[in-house]
Amino acid sequence: MARKFFVGGNWKCNGTTEEVKKIVTMLNKAEVPSDDVVEVVVSPPFIFLSFVKSLMRSDFEVAAQNCWVRKGGAFTGEISAEMLVNLGIPWVILGHSERRSLLKESDEFVGDKVSYALSQGLKVIACVGETLEQRESGSTMAVVAAQTKAISDKVSNWTNVVLAYEPVWAIGTGKVATPAQAQEVHSDLRKWLKDNVSAEVAESTRIIYGGSVNGANCKELAAQPDVDGFLVGGASLKPEFIDIIKSATVKQ
Ligand code: 13P
C-alpha cells in the first residue's frame with residue numbers, strides 16, 4: 001500500500017488564545033486534498049491542545065509536542081501519555097532537536113519515550129537529525145542511524161510511528177535542505193529500516209522532512225520518492241501551511 005502523505009504543523013512555543021483561534025479559523029476554511037490523500041496533524045503547545053481540538057475541523061488531527069517518559073506521578077511540570085490519551089489527543093512529537101539539545105534528551109531517553117507513548121496507544125512523530133558540525137564531518141548517517149536505532153531497540157511495532165528527518169542546521173534558519181540532500185538521507189534511513197528492522201517496515205513507514213519548509217520549496221521536496229511529507233515549524237503558523245498541505249498532490 002502506498003504511504004499516505006503526512007503534513008505536521010509544529011507550532012512550538014508560540015501563540016495566544018487569539019492567535020490560536022485565528023490559525024484554526026484559517027485552517028477550517030481551507031480547501032485541501034481529501035484525507036485519503038493527505039494526513040494533517042497540528043501541534044499546538046500543551047495548554048491549547050483541548051481548545052484546538054474542540055475548534056478544529058474533523059479531518060485534521062492534533063498532536064502534543066512532548067510527553068513524559070513513563071507513567072505519570074510525582075514529576076512536576078510533566079504531562080503523561082495517559083493524560084493525552086484521556087484528552088483524546090492521538091499524536092505526540094518526540095525527540096525534537098530543540099528538546100534533544102536544549103533539554104539534553106539523550107537518544108536512549110527518546111527511545112524510551114517513544115516506546116512508552118506507543119504502549120499507551122499514542123501515535124508518534126519521532127524526530128532525528130544531524131547538526132551542521134556533524135554534517136560537515138561526514139557523520140550525518142551515523143548520527144541519524146544511532147538516533148533511529150535507539151528508537152528501534154525499544155519498539156517492536158512501527159505501525160504508529162512517523163519518522164521525521166529534521167537536520168538541525170535547517171530548522172528555523174531559512175536554509176532548507178536541497179531536494180537531493182533530503183532524498184539522500186530519507187533513502188538511507190529507509191535502507192537502514194530495511195536492514196535493521198524489516199522490508200515491510202521500511203516500505204510502509206512514512207519518513208517526513210522538516211527544516212525551513214515553506215510554500216515555495218515544498219513541491220520540489222515532495223516530489224522526491226522517499227519524502228513522504230513534512231514537519232513544518234514557522235510556516236505552519238501562516239496561510240502558506242495550506243500550500244504545503246496541497247503539495248501532497250505532487251505524489252498523485
Ligand atoms: P522550521 O520549519 O521553522 O524550520 O521548523 C522545523 C521544525 O523544527 C519542525 O518540527
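The values are calculated or read from the model by the stated rules, or taken from the named source; none is laboratory data. Small disclaimer: the values here were computed from a predicted structure and weren't measured. Note that each Cβ is placed from the backbone with ideal geometry, even for glycine, and that neighbours are counted across all protein chains shown. Note: accessible area is taken over every heavy atom of the protein model, side chains too, but ligands, DNA and RNA are not part of it. Shrake-Rupley method; radii C 1.70, N 1.55, O 1.52, S 1.80 Å.
Which condition number does residue 46 fail, the rest of (1) out of contact with any Pro (no Cβ under 9 Å at 6 or more places or on another chain); (2) crowded, with 21+ Cβ neighbours inside 10 Å; (3) farther than 26 Å from residue 227 by Cα being met?
(2)
Determine, yes or no, whether residue 213 is over 22 Å from residue 157 (Cβ atoms), within 13 Å of the ligand (Cβ to nearest atom) and free of Cβ contacts under 8 Å to residues at least 60 places away in the same chain.
yes
With the structure loaded, tell me whether residue 117 is open to solvent by less than 50 Å² (accessible area, probe 1.4 Å), within 16 Å of the ligand (Cβ to nearest atom) and out of contact with any Lys or Arg (no Cβ under 6 Å at 6 or more places or on another chain) or whether it fails that test.
No, not satisfied.
May I ask you to list the residues in the stretch 98-114 that are within 16 Å of the ligand (Cβ to nearest atom) and open to solvent by 20 Å² or more (accessible area, probe 1.4 Å)?
Correct list: 98, 99, 100, 101, 102, 103.
Are any of the residues in the stretch 31-38 more than 24 Å from residue 243 (Cα to Cα), open to solvent by 50 Å² or more (accessible area, probe 1.4 Å) and not charged (D, E, K, R)?
No, the conditions are met nowhere in the stretch 31-38.
State all residues of the stretch 78-93 that are under 14 Å from residue 42 (Cα atoms) and open to solvent by less than 30 Å² (accessible area, probe 1.4 Å); if no residue qualifies, say none.
Across the stretch 78-93, the qualifying residues are 89, 91, 92, 93.
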